[in-house]
1. If the chain between Val257 and Thr216 were fully stretched, how many nm would it gain, using 0.36 nm times the residue separation less the Cα-Cα distance?
2. Relative contact order, percent, of the range 172-279 when contacts are C-alpha pairs under 8 Å separated by at least 6 residues?
3. Which of these, Ala139, Ala48, Ala225, has the largest mean-square fluctuation under a Gaussian network model of the chain (Cα springs below 10 Å)?
4. Find the centroid of the Cα atoms in the range 158-174 and in the range 43-111, then give the distance between the two in whole Å.
5. Could you please state, rounded to a whole Å, how far the C-alpha centre of the range 223-279 is from the C-alpha centre of the range 2-25?
6. Counting each pair of different Cα atoms once, what's the Kirkwood radius of the chain in Å, rounded to one decimal?
7. Just the number, please: carbon plus sulfur as a percent of the accessible area of the range 116-169, 1.4 Å probe, no ligands or DNA/RNA counted.
8. With every protein chain left in place, what is the accessible area per residue of the chain in square angstrom, probe 1.4 Å?
Amino acid sequence: MAEARTLMVVGGGKMGEALVAGLIRTGWTTPDAIVVVEQESQRRAELASRHDGLRVAGTVAEASTGAPTQGAVIAVKPADVKEVCEALARSGARCVLSIAAGVTIDSLQRWLAPDAEPVPAAAVVRAMPNTPALVGAGAAAISPGRAAGSDDVAWARGILEAVGTVVELPEASLDAVTGLSGSGPAYVFLLAEALIDAGVLVGLTRPVARDLVVQTLLGSARLLAETGEEPSTLRAAVTSPGGTTAAGLSALEAAGVRNAVMEAVTAATERSREMGRPI
Ligand SMILES: NC(=O)c1ccc[n+]([C@@H]2O[C@H](COP(=O)([O-])OP(=O)(O)OC[C@H]3O[C@@H](n4cnc5c(N)ncnc54)[C@H](OP(=O)(O)O)[C@@H]3O)[C@@H](O)[C@H]2O)c1
């Protein structure tokens with residue numbers, strides 16, 4: 001039998017756990033081949049109890065003793081990434097996937113460069129996932145660093161594909177990805193809130209409005225994904241002349257919804273650019 005692929009996941013928070021759960025669920029590897037480094041002891045206990053056989057450790061050094069891992073995922077908050085990279089460099093990490101928002105490939109490579117020459121720095125792939133990864137329906141973009149070869153990119157892609165879809169883009173596009181699909185779930189949740197309130201306004205109870213709205217969003221997304229049709233085609237198909245949907249759409253256009261969405265994505269993209277600039 002082929003040996004299981006080994007992985008270190010540093011940061012056992014929401015995204016770290018989503019990745020671990022996806023990798024186990026899809027059979028990317030077995031739980032005992034993953035070690036999660038999490039500094040909080042209560043969280044370590046939770047992770048170990050929720051994922052049978054999963055290895056947990058308090059530090060990168062502790063996780064690196066014994067069998068070396070083939071690669072590491074950085075899933076800590078951006079402010080903690082430098083310290084984690086330095087620990088990974090000391091542990092001899094060869095391939096690193098970072099999902100930390102706003103931390104550039106350049107910074108990752110610098111922090112991962114080992115003090116002791118001539119050992120080469122780790123191959124780095126930077127990614128921007130989103131929270132639907134928690135239910136295996138994420139949308140992520142990946143950007144490889146200079147030292148990352150095609151095997152490293154395939155490795156990083158495989159990890160994120162365990163929890164959703166993946167596109168490969170140059171790093172310069174990651175701010176736009178952050179503004180679109182990174183922040184995108186929040187836009188959809190805002191729309192969901194507004195629709196539920198509107199359902200109540202026209203006389204439905206809140207639980208009924210919620211059920212109808214959730215299924216409408218889910219069903220519409222599935223129609224888009226499964227038919228491959230353009231949104232404009234699907235919208236035209238439900239808009240009969242002089243009908244109810246035409247009246248509703250006219251009110252949305254009059255309120256400038258289309259332009260508001262463009263401004264939202266532009267503002268989020270610009271904010272991501274600002275946050276990524278060195279202080
Ligand atoms: N959630 C999202 O929507 C999303 C989307 C795209 C990208 N991301 C990125 O994903 C990363 C993780 O986000 P998250 O929402 O999963 O955050 P989170 O829930 O706060 O998880 C981070 C975890 O890492 C732990 N940690 C911090 N420093 C550590 C260290 N040196 N060694 C080991 N563990 C350490 C934290 O412990 P403490 O709580 O004790 O600090 C925490 O449990 C972030 O960089 C974020 O930018 C998140």
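The values are calculated or read from the model by the stated rules, or taken from the named source; none is laboratory data. Everything numeric here is computed off the predicted structure, so don't read it as measured data. Note: accessible area is taken over every heavy atom of the protein model, side chains too, but ligands, DNA and RNA are not part of it. Shrake-Rupley method; radii C 1.70, N 1.55, O 1.52, S 1.80 Å.
1. Once the chain is fully extended between Val257 and Thr216, it gains 12.9 nm.
2. This gives 47 percent for the range 172-279.
3. Ranking Ala139, Ala48, Ala225 by mean-square fluctuation puts Ala225 first.
4. So the two Cα centres are separated by 19 Å.
5. 34
6. When all Cα pairs of the chain are included, the Kirkwood radius is 20.9 Å.
7. 60
8. 57
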